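Reading through the structure tokens given below for one structure.
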Amino acid sequence: MKREVVATIRLDALRHNLRVVRRHCPRSRVIAMVKANAYGHGLLPVSRALGDADALGVAEIDEAMALRAGGVVKPLVLIEGVCSAQELRLAAEHGFAVVVHQREQLDMLRRTSLPRPVDAWLKLETGMHRLGLSEAVADAAVGELKGRVHALGVMTHFACADEVANPMNRAQLERLAQFARRHHLPGSAANSAAIVAAPASHLDTVRPGIMLYGGSPLAGKAAFEFDLQPVMTIAARVIAVNDVPQGESVGYGATWHAPRDSRVGVIGIGYGDGYPRHAMPGTPVRIGTELVPLIGRVSMDMITVDLTAHPQVGVGDEAVLWGEDLSADVVARHASTISYELFCRLTSRVRFDYQH
Ligand SMILES: Cc1ncc(COP(=O)(O)O)c(C=O)c1O
């Protein structure tokens with residue numbers, strides 16, 4: 001047996017989840033978000049498997065260049081736009097659409113001579129106050145950009161899309177839709193949560209991320225309720241099983257004491273692999289069909305679980321940390337985080353195994 005953490009990536013589940021997106025918004029174009037190494041799932045294999053998406057969304061020009069170098073010819077959208085004239089020229093050369101969210105980027109578009117016009121999305125500030133042009137600046141920019149870029153659209157991003165009843169959603173959508181109507185531009189607003197919960201927000205183009213990877217798009221709802229399948233399953237091995245007498249402690253800080261004579265399993269995964277250090281005692285780990293509780297603190301290379309009620313579990317058994325039959329959303333909740341972060345924080349120690 002080798003100490004190894006394996007991420008099994010089911011590309012059929014990814015394609016299934018894209019079909020779920022299409023079912024929700026059959027008339028919208030789909031920019032599949034593959035930024036941040038495809039939410040930790042692997043930029044190239046994931047992008048190659050998303051042949052049915054209309055375009056792919058990345059955060060950095062390096063991600064876009066890596067996709068082109070890997071033979072991906074699909075339209076790409078630089079979701080934060082470019083940072084320099086040089087990046088803008090690369091975008092034009094390789095056919096990357098750029099998001100324009102600040103005056104400096106408008107200036108770059110004015111001043112930079114390009115081999116061919118780019119596609120551009122104006123990003124409109126509608127309430128999130130992160131990235132976006134004010135309505136006045138965007139209004140003034142439209143006429144000029146229409147003559148300068150190849151195709152122009154307008155997008156925004158919801159601050160609270162996963163809270164279905166939050167009034168900000170409607171207000172943000174209304175601002176975007178009015179702007180799009182006024183300037184006869186295609187619009188884009190919906191992330192995963194809005195795709196499943198707000199049909200009025202679908203507009204011309206949707207931008208699913210987490211739902212493609214099988215994470216739940218809505219707080220308080222499970223992914224399977226949307227027919228989404230987990231794409232990533234993380235597995236490690238039980239590397240030791242110890243008898244711990246009642247009252248003795250386990251792990252750093254001696255934070256857990258055996259309430260009775262206990263059998264404690266040690267699993268070869270820790271925060272050095274990307275398991276969240278703040279996972280609380282009781283966080284479920286799946287061994288076979290059983291869910292066993294995490295105990296004590298998470299170490300760099302190991303976690304400990306209480307196996308007292310599971311005498312059949314032994315050294316060498318596989319433990320699933322999240323994925324198939326143990327939702328990443330559930331594990332994330334036990335670590336006060338979100339599935340997005342679990343996916344993105346896996347380290348280079350993890351071996352990826354792609355199933356086509
Ligand atoms: C601009 C933009 N659109 C879409 C998405 C996809 O969001 P989600 O993963 O919640 O579907 C993101 C992700 O953060 C984003 O930044």
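Just one of (1) surrounded by 13 or more Cβ atoms within 10 Å (Cβ to Cβ); (2) under 23 Å from HIS278 (Cα atoms); (3) aliphatic (A, V, I, L, M); (4) not assigned by TED's automatic domain parsing to the domain that holds GLN312 fails for ALA222. It is (1). Looking across the range 43-76, the residues that are in contact with a strand residue (DSSP E or B) (Cβ under 9 Å, 6 or more places away or on another chain) and acidic (Asp, Glu) come down to ASP52, ASP54, GLU60, GLU63.
Taking strands (runs of 3 or more DSSP E) as the structural unit, those lying wholly within the range 275-356 and holding at least 3 residues that are in contact with a Phe, Trp or Tyr (Cβ under 9 Å, 6 or more places away or on another chain) and within 13 Å of VAL264 (Cα to Cα) correspond to 303-306.
Restricting attention to the range 102-133, the residues being within 15 Å of the ligand (Cβ to nearest atom) and acidic (Asp, Glu) number 1.
You will find that of GLU174, GLU225, GLU163, the residue that is among the acidic types (Asp, Glu), within 13 Å of the ligand (Cβ to nearest atom) and without any contact (Cβ under 8 Å) to a residue 60 or more places away in the chain is GLU163 and no other. For the range 301-337, residues that are of a type in the set (A, V, I, L, M) and surrounded by fewer than 18 Cβ atoms within 10 Å (Cβ to Cβ) total 3. Remark: ARG263 falls outside the filter, which requires a residue to be closer than 16 Å to MET300 by Cβ and either basic (Lys, Arg) or without any contact (Cβ under 8 Å) to a residue 12 or more places away in the chain (or both).
Please find, within the range 183-218, the residue that is farthest from the ligand (Cβ to nearest atom) out of those that are on the phi > 0 side of the Ramachandran plot and more than 12 Å from the chain's Cα centre (by Cα). If we take residues in the range 183-218 being on the phi > 0 side of the Ramachandran plot and more than 12 Å from the chain's Cα centre (by Cα), then HIS184 is farthest from the ligand (Cβ to nearest atom). Of all the numbered requirements in (1) assigned to a helix (DSSP H, G or I); (2) away from the ligand (no atom under 16 Å from the Cβ); (3) closer than 30 Å to MET33 by Cα, ILE234 misses one, and that requirement is (1). Return yes when ALA194 is out of contact with any Lys or Arg (no Cβ under 8 Å at 6 or more places or on another chain), aliphatic (A, V, I, L, M) and either closer than 28 Å to LEU342 by Cβ or assigned by TED's automatic domain parsing to the domain that holds ASN37 (or both) and no when it is not. Yes.
The values are calculated or read from the model by the stated rules, or taken from the named source; none is laboratory data. Source: prediction; values computed, not measured. Note that we place each Cβ from the backbone using ideal geometry, even for glycine, and neighbour counts take in every protein chain shown.
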